[in-house]
Amino acid sequence: MLLDRINFGQKPVADWFYDFEELDIALDYVPSVIGTENKKILSLLNTTLQVFEKHQLFLINKIEVIGFFESDKDKSNRIEKIIETKNLGSFKNIQELIESQLNLYFKESFVLYSIYFHGETSILNENNKKGTYNNIFYFLLQIPGIQILTDCDVWLPYNLKGESQKEIYKLNAPRLENALTEIEEITGFEPVWENTKYAIVNKYKLENYSDEDEILNVYDD
């Protein structure tokens, strides 16, 4: 279990992308994620976050908003701000969380182009003891979709250095698989996935790269 690898901005160990076009989700013309015409988008986002919270995989503690003030007609002054927030369970839904934070920190209308959700995750070690860590997952909402990214290797039977961690894998990987499966069962939507530099992505299961019988070391310093 290599938690010291976590560094926001690098390529993820794995990610799943809910493509709005492929899912036939209609968008309103204004590139905002909180418009009244985007209820289907917000419903999908709300479900993904609620399910991950239920499985103790992601508890929101910060949002990072990117956009422009509505008065900035030329969009010459891009605004980026990280805002600490209460978890999703403290609000009626994700739209209320987003709007309440925007209204709290911005004194004029804000056109939201994208938003990152930061949070903490419960991870079980080989002795079945729980630890809580930040930056295991990120959720990104922007047109054209919702992306779930993980920067952690506990979902693999071997860590990124090729060292066995089968007990950690057995305790954690099914939690992720169950959460993603539950989202699909609730929404009827299946995300897009593909292999990364670090893992073979078999839908909701991750596998290590190997050369014949040898597990490859794919760790980046």
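Just so you know, all these numbers are worked out from the coordinates, no wet-lab data involved. The model shown is predicted, which means the values in this text are computed figures rather than measured ones. Ideal geometry is used to build each Cβ from the backbone, glycine not excepted, and the neighbour counts take in all protein chains shown.
Place +1 on the Cβ of every Lys and Arg and -1 on the Cβ of every Asp and Glu in the stretch 11-215, take the dipole about the Cα centre, and give the residue among 201, 88, 23 whose Cα lies farthest towards its positive end.
Selected residue: 88.
Can you tally the net charge around residue 48? Count Lys and Arg as +1, Asp and Glu as -1, for every other residue whose Cβ sits under 12 Å from the Cβ of residue 48.
-2
Considering only DSSP states other than H, G, I, E and B, which trypsin sites (Lys or Arg not before Pro) in the stretch 150-221 qualify as loop sites with at most 15 other Cβ atoms within 10 Å?
Answer in residue order: 161, 197, 203.
Which residues make up the longest stretch of the chain clear of GluC sites (Glu not before Pro) that lie in a DSSP loop with no more than 16 other Cβ atoms within 10 Å, not counting the sites?
The segment 23-69 is the longest one with no such site.
Around residue 198, what is the net charge, scoring Lys/Arg as +1 and Asp/Glu as -1 over all other residues with Cβ under 9 Å from its Cβ?
Result for the local shell: 0.
How long are the semi-axes of the equivalent ellipsoid of the chain, taking √(5λ) for every eigenvalue λ of the Cα gyration tensor, in whole Å from largest down?
Over the Cα atoms of the chain, the semi-axes work out to 33, 18, 17 Å.
Calculated from DSSP H runs of 4 or more alone, at -39500 (n - 2.57) each and per residue, what is the 222 nm mean residue ellipticity of the chain, nearest 500?
-7500 deg cm²/dmol
Taking R0 as 30 Å, what FRET efficiency do you get between residue 181 and residue 140 from their Cβ-Cβ distance, rounded to the nearest 0.05?
Between residue 181 and residue 140 the formula returns 0.90.
Provide the per-residue ³J(HN,Hα) series for the stretch 188-199, in order, calculated from phi with Karplus coefficients 6.51, -1.76, 1.60 and θ = phi - 60°, each as a whole number of Hz, with x at glycine and proline positions.
Here the 3J(HN,Hα) series is x, 9, 10, x, 8, 9, 7, 5, 10, 4, 9, 8 Hz.
Of 111, 192, 13, which has the largest mean-square fluctuation in a 10 Å C-alpha GNM of the chain?
192
What is the sum of charges around residue 126, taking Lys and Arg as +1, Asp and Glu as -1, for the other residues whose C-beta is under 13 Å from the C-beta of residue 126?
Spelling it out: positives minus negatives among the neighbours equals +2.
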